[in-house]
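The values are calculated or read from the model by the stated rules, or taken from the named source; none is laboratory data. Just so it is clear, the structure is predicted and the values come from calculations on it, not from any experiment. Quick reminder, even Gly has a Cβ in these numbers, built from the backbone with ideal geometry, and neighbours come from all protein chains shown. Just so you know, the surface numbers come from the protein's heavy atoms only, side chains and all, with ligands and any DNA or RNA stripped out. Shrake-Rupley method; radii C 1.70, N 1.55, O 1.52, S 1.80 Å.
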Amino acid sequence: MIKWLEERFNLTEIFSFLTSFGLFPAELDSRKPLKEALREGLDQPLPSYARWPRVLGILSLLLFAFLGITGIMLAFYYQPTVAEAYGSVTTIVRDVNFGWFVRQVHRWGANLLLVILIVRIWRFYFQGMYKAPREALWVLSILAFVVTTQADFTGRLLGWNANGYWTAVRAFEVIHSLPVLGSLFAFLVGGSDVDQIVLTRFYVLHILVLPAILLGLYYLNFSGVRRVGLSALPGEKRAGLGVYKVYLYNLVILTVLVFGCLITLAMVLPEPFVQVADPLATPPGARPPWYLLASHAVLESGPSMVPRPVRGFLIEAVLGLTLLVPFLDRSPGREARDRRIAILVGVAAIALWAFFTWTGYSLERIR
């Protein structure tokens, strides 16, 4: 059967593409038959994605897969209209078998994915993983986090409840203050008012556009890792079929652990389902999502002498500099002793981000 298929399709190329998401860490020669290419691949050193700290990448992909599965299940019942959105989510939570559970798993999966992606960025930075030839992997990691925040943001509005609606309103205030990105965002979603047009476009972005972009970023990330190699760990140079089988077993174990963690969080810390959104009644403590709180603080509590568009441009400049870190860092090596200034800058950046995040959170408690 394999021989018959290989006469008609390039099975090696198909297998290489399908396993370019962390399932096979070695490059394959697509010009050769599948068995021969696999044999050569298995003869290469096969470091495992499933070892700490490299496991963060494959964990984020597993969470993305769970989000895709639960998102499809929710989409079977969801109706993206202002009149029906809240009622359809109520039906999911109250009337559909295990609908409440699927919604909670989806919600916690999104939160965990954001946390893992930001921890992965910190790991890349403090271990100097962005240095040549891994500059593109750094850029892809930053873009993946930004796209995931937008996927989370668009998903918050879909339930059309009070928390989601006013979180979106506060987030709009932040995003529309950015001189370049704010205008692009307003054009993309159809304006600055949270209405039916915005809800429809958020739905399309959430279930189609942003997941497709994120899937493409994952493909580029893992195919890039195949080319430049995984980060080295002491004493890890193994090859052979047995090693690959152990790696696949580890992936199964990781999948079970991730699912178990999501189940636990969904059962122990469920998100309450609040009342329908009322555009005329702002609930107390309404604030942007946590990943926009620092930007919210910069925009709302900055010196009055600095115009708001200038503050917005400053936020965009910080994002741009973050993307350019691999090209700005001129330290000689990856070791901590060679990167003292870069590490101090990273620690200061995290401290400032935490300070402004807390400030942004506290602003709504003061008002």
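Using the Cβ-Cβ distance between W353 and I69 with R0 = 35 Å, the FRET efficiency computed as 1/(1 + (r/R0)^6) comes to roughly 0.65.
Using +1 at the C-beta of Lys and Arg and -1 at the C-beta of Asp and Glu, which of W108, L42, S30 has the Cα lying farthest in the positive direction of the dipole of region 4-141? Farthest towards the positive end: W108. The accessible area of V228, taken with all protein chains in place and a 1.4 Å probe, comes to roughly 50 Å².
Which length gain, in nm to one decimal place, applies between A212 and Q79 when the Cα-Cα distance is subtracted from 0.36 nm times their residue separation? Don't skip to the answer; put the middle values down first.
Working: separation 133, 0.36 × 133 = 47.88 nm, distance 2.12 nm.
So the extension gain works out to 45.8 nm.
In this rough spin-label picture, where each label sits 7 Å from Cα along the Cβ direction, the V119-R39 distance is 4.2 nm. At the residue level, L352 shows approximately 100 square angstrom of accessible surface with a 1.4 angstrom probe and all protein chains present.
Summary of the geometry: region 104-174 and region 1-45, compared by the centres of their Cα atoms, lie 33 Å apart. To the nearest ten degrees, helix 162-175 and the longest principal axis of the Cα atoms of the chain are 80 degrees apart. Put a plus charge on the Cβ of each Lys and Arg, a minus charge on the Cβ of each Asp and Glu, and nothing anywhere else: the dipole of the chain about its Cα centre is then about 1020 debye.
Explain nothing, just the number: dipole magnitude of region 214-367 about its Cα centre with +1 on each Lys and Arg Cβ and -1 on each Asp and Glu Cβ, in debye rounded to the nearest 20. Could you put the intermediate results ahead of the total?
Details: 15 positive and 9 negative charges, 125 e Å.
Magnitude of the dipole: close to 600 debye.
Per residue, the chain exposes 53 Å² of solvent-accessible protein surface, assessed with a 1.4 angstrom probe and all protein chains in place. Around P270, under 11 Å between beta carbons, what's the net of Lys plus Arg minus Asp minus Glu among the other residues? It works out to a net charge of +1. Distance between the pseudo-spin-label points of R94 and K245 (7 Å out from Cα toward the beta carbon): 5.4 nm. Of G99, G191, G333, the residue with the greatest mean-square motion in the GNM of the chain, using alpha carbon springs below 10 Å, is G333. The Stokes-Einstein estimate for the chain, based on a Kirkwood radius over Cα pairs and taken at 20 °C with 1.002 mPa s viscosity, is a diffusion coefficient of 94 µm²/s.
Against the chain, whose longest principal axis is taken from its Cα atoms, helix 55-75 shows a tilt of about 60°.
What whole-number value in cubic angstrom gives the convex hull volume per residue for the C-alpha atoms of region 27-106?
Values: hull volume 12.9 nm³, N = 80.
Convex hull of Cα atoms, per residue: 162 Å³.
A 1.4 Å probe over all protein chains sorts M267, M305 by accessible area into M305, M267, starting with the largest.
Of the residues D338, D193, D152, which exhibits the maximal mean-square fluctuation in a Gaussian network model of the chain defined by a 10 Å Cα contact cut-off? Among D338, D193, D152, the largest mean-square fluctuation in the Gaussian network model of the chain belongs to D338. Lys/Arg Cβ at +1, Asp/Glu Cβ at -1, dipole of region 258-336 taken about the Cα centre: which of I263, W290, P332 is farthest positive-ward? The residue sitting most towards the positive pole is P332.
When the chain is treated as a GNM with alpha-carbon contacts under 10 Å, the residue of G159, G190, G242 showing the greatest mean-square fluctuation is G242. To the nearest ten degrees, helix 34-43 and the longest principal axis of the Cα atoms of the chain are 90 degrees apart. Residue order by solvent-accessible surface for Y130, Y86, Y249 is Y249, Y86, Y130, largest first, with ligands and nucleic acids left out and a 1.4 Å probe. Rounded to the nearest 20 debye, the dipole magnitude of region 97-177 is 200 debye, with +1 charges on Lys and Arg beta carbons, -1 on Asp and Glu beta carbons, and the Cα centre as origin.
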